Each structure stands twice: as C-alpha cells, then as structure tokens.
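J.: Handing you a structure now.
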Amino acid sequence: MKKTITLEAVDPVEIFGVGNKILEEFVSYFPGMKVVARGNEIHLEGKEEDVKEFENKFSELTRLRHHKMNLTVFDVEDIFDGEKSSPEKFKAAGDAIIVHTTDGKPIKARNENQKKMVKAYFDNDLVFAVGPAGTGKTYVSIALAVRALKNREIKRIILTRPAVEAGERLGFLPGDLKDKLDPYLQPLYDALGDMIPPKRLQDFMAEGTIQIAPLAYMRGRTLDRACVILDEAQNTNISQLKMFLTRMGVNAKFIVTGDATQVDLPRKEDSGLLHGIGLLKDIKGIATVFFSNEDIVRHPLVTKIVKAFDKREESV
C-alpha cells in the first residue's frame, strides 16, 4: 500500500527535527516500511496495517507539536511506549507493552510469573525475582527500567553485578580493570541494546543517565530517583546484599534478580540471596517472585538442559 502524508501550516523541520532526527526515530518503529520525506510530504509504502498505524501515530505527533515549543525524540518514544504503559493497566493485568525494541517489536510479559513481576514492580519499591536461567528476569527488569526512564519517572538507570568468576580467572583476561569486568556485564549491555538505539545508549552512558558497574562500586552511594537492578545476586554474600539494599534513596526502585542454583562463590552456602529474602519477607513494600523451569522463554532445549542438570545435582 502507498500513501502520502502532507504537512500543512507547519514548517516540516518542526516535526521532522533538525537533520530529520525526529522523523528517523519515528520511522525506526516501522522497520518493514519504506518512508521518504520530500519537502512537506512523507511518502509511505508498506503493509496496509503498518501504513495506517504510521498515520495514526504521526497525527499524534503533529497534535503534540501544537502543545509544545519543540519536539524531541523522547516525544516519539512517549507516543509509542508511554500511552499503553500506565501503571493502572500493569497493576490490573501485568501484560501491557512495557517498551518496544529498537526494531519496533513490543516487549511484554511472556508468562504468568513475568506478569507477577511486572505488577510487583508497580506495587512495591523492592522486588526480588528468583529462578533458573532463561526465565527473562533480567530482561524484564531492564525493560521496566527503560520504560521508567522514557516516561521521566526516574532520572537514571543503574545496573550492577557482582564480579564473581564462574570458573574463569579475571587475572588472565587482557586489558585494564574495565576490560576485565566488561565480560561480566555484557548481558546487561545486550539487553539495553535491544531497547535503546546505539547512539542514544552511548549518549546515556556518557552522561551517566545509564550506569553499568560492578557491585563493589555501589558502596557509599545514595541512589535517588533511579531504577537500580542487581543481577546475579546469588553471588553476593549477606553483607554485600545489605550494602546494596541500603543504597536505596528517595523515589527509587530496586530489583534484585538471581538463580539460587547457580552460585559461583567458593562456598555455595555463603550466598546471601535466599537468606536475605527470608529476612525481608514480611516487610511491606517488598515483593518476591519465584520463577520455575516452566517459565523459561529461551530455546526449548534450555528447559530440558536445566531439568537434566537439576536432576543430576539432586542425585549427588
């Protein structure tokens, strides 16, 4: 289907942005469409439903221009991610679209426990998400954080992991300290890269709006108006977990994720994750969601692999 949208009584730069940056951000949500801007016209070619959605969303953008001095790329993100992401809808069902990926695909809860986790986030300031690998705990956490940043609910996202070696040795990795630690933090970079365009992500990290750091770097900080995610928390001892949780400042949201069966500490019994959950279970404002093998959303073989290893560990 082909369609032409004509801008009337408005300078195209006010809608498209300098260098067409706003338009480019808008078009990024329609990866399957051909979009060409000439003068005050936009020529569309693609599937009928995509063309109609483009028209509807673009009408919202032009209406928004009448209420604002200047449009930004954040306004585009709000149009796509903000309108369906009200806390009320999440609290009611937990299955609203959280954010879109950089290629326009919606990210939403994919199983019942992910829905519980999403709802728990809006009802509590601290959420523990515990369960096996592949259940989407970290991915959903980061999606919620990105949504909150886009909707101006927080000022920054802070992602952290304990730098504990899973059978490898940090000292043999090349480079400086950052180079040695980055492999441990790479899954967090990957998830963010799915949801934020590369240039934007680079800018956010350069200005400190998004920070990724080892857990040890959290000591002494007070984190206000931030969404802070501690990943791989099974590799923290109880003192480290206490240190992290007591960083919570005003208007902050904390999410702690981990898999109690994959402890990389020299002594598995030193893991503070389940111990900490037990200590905090009766405190209002703190919620825990337990995932199981049935919640795994990776390749179907991952469920079978996890079950096979669990069976072996039970027999040892």
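The values are calculated or read from the model by the stated rules, or taken from the named source; none is laboratory data. Bear in mind that the values here come from a model prediction, so they are computed numbers and not experimental data. Counting neighbours? That spans all protein chains shown, and the Cβs are built from the backbone with ideal geometry, glycine included. These area figures cover heavy atoms from the full protein model, side chains too; ligands, DNA and RNA do not enter into them. Shrake-Rupley method; radii C 1.70, N 1.55, O 1.52, S 1.80 Å.
J.: Could you check LEU201 against (1) free of Cβ contacts under 8 Å to residues at least 12 places away in the same chain; (2) over 16 Å from the mean Cα position of the chain (by Cα); (3) more than 24 Å from THR135 (Cβ to Cβ) and say which number it fails?
T.: For LEU201, the failing item is (2).
J.: If the requirement is being in a loop (DSSP other than H, G, I, E, B), under 20 Å from TYR29 (Cβ atoms), at pLDDT below 90 and not basic (Lys, Arg), which of these qualifies: ASP103, ASP95?
T.: Going through ASP103, ASP95 in turn, just one is in a loop (DSSP other than H, G, I, E, B), under 20 Å from TYR29 (Cβ atoms), at pLDDT below 90 and not basic (Lys, Arg): ASP103.
J.: Being surrounded by 15 or more Cβ atoms within 10 Å (Cβ to Cβ) and at pLDDT 85 or above is the filter here; which residues of the range 291-304 pass it?
T.: Across the range 291-304, the qualifying residues are PHE291, ASN293, ASP295, ILE296.
J.: Give me a count of the residues in the range 201-226 that are surrounded by 17 or more Cβ atoms within 10 Å (Cβ to Cβ) and in a helix (DSSP H, G or I).
T.: 4
J.: Which pairs turn up if I take residues in the range 230-245 that are touching a residue at least 12 places away in the same chain (Cβ under 8 Å) and look for partners that are buried (at least 18 other Cβ atoms within 10 Å of the Cβ) and hydroxyl-bearing (Ser, Thr, Tyr) with beta carbon separation below 6 Å, at least 6 apart in sequence or on another chain?
T.: Filtered contacts from the range 230-245: LEU230/THR160; ASP231/THR138; ASP231/THR257; GLN234/SER271.
J.: Going by what's in this entry, would VAL256 be described as in a loop (DSSP other than H, G, I, E, B) and in contact (Cβ under 8 Å) with a residue 12 or more places away in the chain?
T.: Criteria not met by VAL256.
J.: Same structure, new question: Mind counting the residues in the range 272-303 that are touching a Ser or Thr at 6+ places or on another chain (Cβ under 7 Å) and over 26 Å from ALA109 (Cα atoms)?
T.: 1
J.: So if I check each of LEU185, LEU159, which one is modelled with pLDDT under 90, closer than 18 Å to THR236 by Cβ and under 17 Å from the mean Cα position of the chain (by Cα)?
T.: Within the list LEU185, LEU159, the selection yields LEU185.
J.: Please work out which residue is least open to solvent (accessible area, probe 1.4 Å), limiting yourself to the range 1-44 and to residues that are free of Cβ contacts under 8 Å to residues at least 24 places away in the same chain and of a type in the set (Lys, Arg).
T.: So the residue we want is LYS34.
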